[in-house]
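Working notes, structure below.
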Amino acid sequence: MTKDNSAPIGIFDSGIGGLTVAHKVKELMPNESMVYFGDIAHLPYGDKSAAAIQAYSIKVTDVLLQQGCKLILIACNSASSAAFELVREYVGSKAKVFNVIDPVVEHVSQHYNKQKVGLIGTKQTVNSNAYESRLKQLNPDIELKSLATPLLVPMIEEGFFENRISHDIIEAYLHDEALEEIEALILGCTHYPLIKNEIDKFYGGKVDILDSATIVAKRLQQFLKEHTLLSENKIRKDRFLVSDITASFEASAKIFFHEEVHLEKFPIWD
Ligand code: DGL
């Protein structure tokens, strides 16, 4: 693992959803530099096979290693559930690898003992049982009920949130009996922080809405602190690399990152 604390943090996602996590990382640790990679050419990962997601994730990881990243965060639940172990093995001692599932499972296992917790995510994330199996190991007394909500990513990407259509789709999903009587709901997709307010409104504040971005950013900060890897000054510009680019992604990136983002095309699949 590099001992250069000014080295960037590498973050990747299938597209721009992971920018919600990148934004929290930046907010919490403004001295850190980051290299973000959005594999827009293969979006969405959530409907792909585990084997395909693994192949994409390894190639993207290679780019981040070439950029000298001190840490790699898989800011995509679909890739975290399908490819985390493989990426970690592949990276070996070169960098620490984090996913967006484990920190959330740790949080849930500590705060919701003997309670019922819901999870919404892509088909890949839900069908992989990644949350259930990890949670069972840490706290088998928590009942986790999952629901695949595949319409939400295209809905958000097309800019449908805080409107009548998003309201109806969200309501239709959240009325599912799997999510009855939950104490908390895990937003198991890095796109979903954009509809957190709408989900919160649906539950009238009675259910805790757990968005992984804050929990994961805090976990990264703790790790960097413990390993004296926190950067003292920001000396590099953040870079946002994408494997394909369209004007609409550049416009949406700003919504996910809460500030202007310059996307650089970095073709790794040509
Ligand atoms: N951001 C991805 C996730 O967290 C969802 C988008 C996709 O399906 O590629 O699962």
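The values are calculated or read from the model by the stated rules, or taken from the named source; none is laboratory data. Note that the coordinates shown come from a computational prediction; the quantities given were computed from them, not determined experimentally. Reconstructed Cβ throughout: ideal geometry from the backbone, glycine too, with neighbour counts over all protein chains shown. To get the accessible areas, we keep the full protein, side chains included, count just its heavy atoms, and leave off ligands, DNA and RNA. Shrake-Rupley method; radii C 1.70, N 1.55, O 1.52, S 1.80 Å.
Charge tally around GLN115: other residues with Cβ under 12 Å, Lys/Arg +1 each, Asp/Glu -1 each, net -2. Across the chain, the mean sequence separation of Cα contacts (distance under 8 Å, 6 or more residues apart), normalised by length, yields a relative contact order of 27 percent. In summary, the lysines within cross-link reach of LYS225, defined as a Cα separation below 17 angstrom excluding same-chain residues under 8 places away, comprise LYS3, LYS24, LYS26, LYS70, LYS96, LYS234.
Tally Lys and Arg at +1 and Asp and Glu at -1 over the other residues with C-beta under 12 Å from the C-beta of VAL105: what net charge comes out? The answer is 0. Note on GLU250: accessible area approximately 70 square angstrom, rounded to 10, probe 1.4 Å, nucleic acids and ligands left out. Per residue, the chain exposes 44 Å² of accessible surface when a 1.4 Å probe is rolled over the protein heavy atoms with every protein chain present. Sorted on the mean count of surrounding Cβ atoms within 10 Å across their residues, most packed first, peptides 11-24, 30-43 read 11-24, 30-43. Put the Cα centre of region 1-61 next to the Cα centre of region 104-135 and the gap is 21 Å. Here the spin labels are modelled as points 7 Å beyond Cα on the Cα-Cβ line, and at ALA51 and ILE235 they lie 4.5 nm apart. Taking every alpha-carbon pair under 8 Å whose residues sit at least 6 apart, region 98-178 reaches a relative contact order of 31 percent. Extending 7 Å from the Cα toward the beta-carbon at both HIS167 and LEU138 defines two label points whose distance is 3.6 nm. At a 1.4 Å probe, what is the % contribution of carbon and sulfur to the accessible area of the chain? The nonpolar share, carbon plus sulfur, comes to 49 percent. Remark on the chain: ratio of C-alpha radius of gyration to 2.2 N^0.38 Å is 0.96. The value of relative contact order for region 1-90, using C-alpha pairs under 8 Å at least six residues apart, is 42 percent. Per-residue packing, averaged as other Cβ atoms within 10 Å, sorts the ranges 59-72, 151-164 into the order 59-72, 151-164, beginning with the highest.
With K and R counted +1 and D and E -1, the other residues having a Cβ less than 15 Å from that of GLY46 yield a net charge of -2. The alpha carbon gyration tensor of region 52-207 gives principal lengths a ≥ b ≥ c with a/c of 1.5 or higher and a/b no greater than b/c, which makes the shape oblate.
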